[in-house]
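All remarks here apply to the structure that follows.
Every read-out reported here was derived from the displayed coordinates using simple, explicitly stated rules and does not represent laboratory data. Remember, predicted model here, so these are calculated numbers, not experimental data. For neighbour counting, all protein chains shown are included, and Cβ atoms are generated from backbone atoms with ideal geometry for every residue, glycine included.
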Amino acid sequence: MGEFVVRGGRRLTGTVRVNGAKNAALPIMAATVLANQPVVLHDVPELRDIQVMTKVLRSLGVTVERVGRDVLVDPRTLNNYVVPAELMQEMRASIFLLGPLLAKLGAAEATQPGGCAIGDRPIDLHLYGLTALGAVVDDEGGRTILRAKRLTGREVHFPFPSVGATENVMMAASMAEGETRIRNAAMEPEIVDLAQFLERIGATVRGAGTPEIRISGSGSLGGAEHTIIGDRVEAATFVLAAAAVGGDLVVRNCMVDHLPGLWGRLQDIGVRIEEIDAETVHVVSEGRFSPFPVSVATGPYPGFATDCQPQFMTFLLSVPGVHLVTEKVFESRLGHAAELRRMGAQIIADRRVALIYGGHGLHGSYVTAPDLRAGAALVIGALMAEGESVIAGREIIERGYEHLDLRLRSLGAEIQAR
Ligand code: UD1
């Protein structure tokens, strides 16, 4: 297992550009199988999950090539609807292929993804949505097989606005006959990016970014070029790191509107945030704050992003006061609390709620990344801490952050990968 070695206490100064969003790129790559002409995707991050998605597409017969930051996909060679079990186990997002394969080939087959560090993560809402459009689901020896001679546009009313399930239904509906109406749809910016891609290949999608999305299917979808949106979670991670350790940081390709819960909270606490334009923010922080108690609860967009919760909790350790963090999206996503305690953090946590006693300083320690975003939170903790920290599980963190060590070093941090 690789490690990051960090010596804390350095301010972060300079400019960083946020990469294309992993969570937008993954469903859009899956959606390319709907097209019947080549697709060019710009600013696709070079991350392991993207490599796994590339392998999944290739296993289905699709031609995929990376040229620099672009991914070129030729879906005309698609000839298989079975997602290999080992790739499904490697990456949960392989589930995104169910909707597109079903729509394009009339069948899709995959193993159910396992649970993960942050909770059970079932796929019942994905299956509910696809069944509503006409799919028949069979479970055979641990494999889920969906079949549909044709898909028909219908009303799909989700009991919870699941991001992945909304995306799967949007993709399937793009080739269904008639109009699909998704109610209580997820509203995340990645949904809007997927909608724009589907529009570019010829589907009609209305209302993405609101709780009701209407999709008119088309029997044949063409090719397109599309640029992936900037990664709001990566942006928040850099901003929170600079806010916590102190710094003067310009963050580019940061979609300011995509982090609605963050800016006001940081300003209330005393971080100076200047919006230079819609995609650039300037953050100035001393890393020292007056007492200010904070309460935050995660929620579906536009609520506070669960993917930013671990990093925000670590930032709160630099703010004097008693803070309350409630995780409402996933059932056990506070694994970083115990690791932060090894660095001297004063946190009481159960599976969903944490009380944080901020403003006491951290010391270097040996910690292990429990999951991707919790790992990023530990990197922030290590940047704040006095002395040296070793963070094990570097590969877990690199699932979501490309060249994190190089980019933080260019801002003045002392961090090495080994
Ligand atoms: C996506 C993101 C992930 C982010 C999450 C919430 C990707 C690749 N991943 O994950 O980084 O943390 O949105 O913003 O885009 N649920 C069910 N049944 C289902 C589906 C989901 O009960 O069929 C539950 C989940 O267990 C979880 C909650 O709904 O508790 C939210 O999940 P969902 O919005 O689907 O997240 P993902 O799409 O998996």
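If one computes the Cα centroid of segment 380-400 and of segment 159-201, what distance in Å separates the two points? So the separation of the two Cα centres works out to 35 Å.
Here the spin labels are modelled as points 7 Å beyond Cα on the Cα-Cβ line, and at Met1 and Leu324 they lie 3.4 nm apart.
With a ≥ b ≥ c taken as the square roots of the eigenvalues of the C-alpha gyration tensor of segment 22-227, please select rounded if a/c is under 1.5 and otherwise prolate if a/b is larger than b/c or oblate if it is not? In terms of gyration-tensor shape, rounded.
For the chain, the antiparallel share of DSSP beta bridges with both residues in that region comes to about 70%. Placing a label point 7 Å from the Cα of Glu179 along the Cα-to-Cβ direction, the residues of segment 194-213 whose backbone N falls under 12 Å from that point are 205-207, 213.
Computed from the Kirkwood radius of its Cα pairs, the Stokes-Einstein diffusion coefficient for segment 303-348 at 20 °C and 1.002 mPa s stands at 191 µm²/s. Reported to the nearest whole Å, the Cα centre-to-centre distance from segment 219-288 to segment 66-119 is 30. In terms of overall dimensions, the C-alpha atoms belonging to the chain reach 62, 40, 40 Å along their principal axes, ordered largest to smallest.
Rounded to the nearest 20, the size of the Cβ-charge dipole of the chain about its Cα centre is 180 debye, with Lys and Arg at +1 and Asp and Glu at -1. The modelled label-to-label distance for the pair His403/Gln89, using points 7 Å beyond Cα in the direction of Cβ, is 3.4 nm. The C-alpha atoms of segment 144-233 occupy a region whose extents along the principal axes are 38, 33, 27 Å, arranged from largest to smallest.
By DSSP, the beta bridges lying fully in segment 241-335 are antiparallel in about 75 percent of cases. Each peptide in 148-161, 25-38 gets a packing score, the mean of other Cβ atoms within 10 Å over its residues, and the list from highest to lowest is 25-38, 148-161. Extension gain for Ile348 to Glu388 (0.36 nm times residue separation, less C-alpha to C-alpha distance): 12.0 nm.
Taken one residue at a time, the phi angles of segment 248-263 give Karplus couplings (6.51, -1.76, 1.60, θ = phi - 60°) of 9, 10, 9, 10, 9, 6, 9, 6, 4, 5, 7, 10, x, x, 8, 4 Hz. Gly and Pro are set to x.
The packing ranking, built from the mean of other Cβ atoms within 10 Å per residue, places the peptides 239-249, 323-333 in the order 239-249, 323-333, highest first. Say R0 is 45 Å: what FRET efficiency, to the nearest 0.05, do Tyr357 and Lys149 get from their beta-carbon distance? Efficiency computed from Cβ-Cβ geometry: 0.15.
Using a simple spin-label model with pseudo-atoms 7 Å out from Cα toward Cβ, Gln267 and Asn79 lie 5.8 nm apart.
From helices alone, the chain scores -9000 deg cm²/dmol at 222 nm; the rule is -39500 (n - 2.57) for each run of n ≥ 4 DSSP H residues, then divide by the residue total. To check you understand DSSP bridge types, tell me what percent of the beta bridges within segment 22-227 (both residues inside) are antiparallel, rounded to 5. The answer is about 70 percent antiparallel. The mean sequence distance of close C-alpha pairs (under 8 Å, at least 6 residues apart), as a share of the length of the chain, puts its relative contact order at 20 percent.
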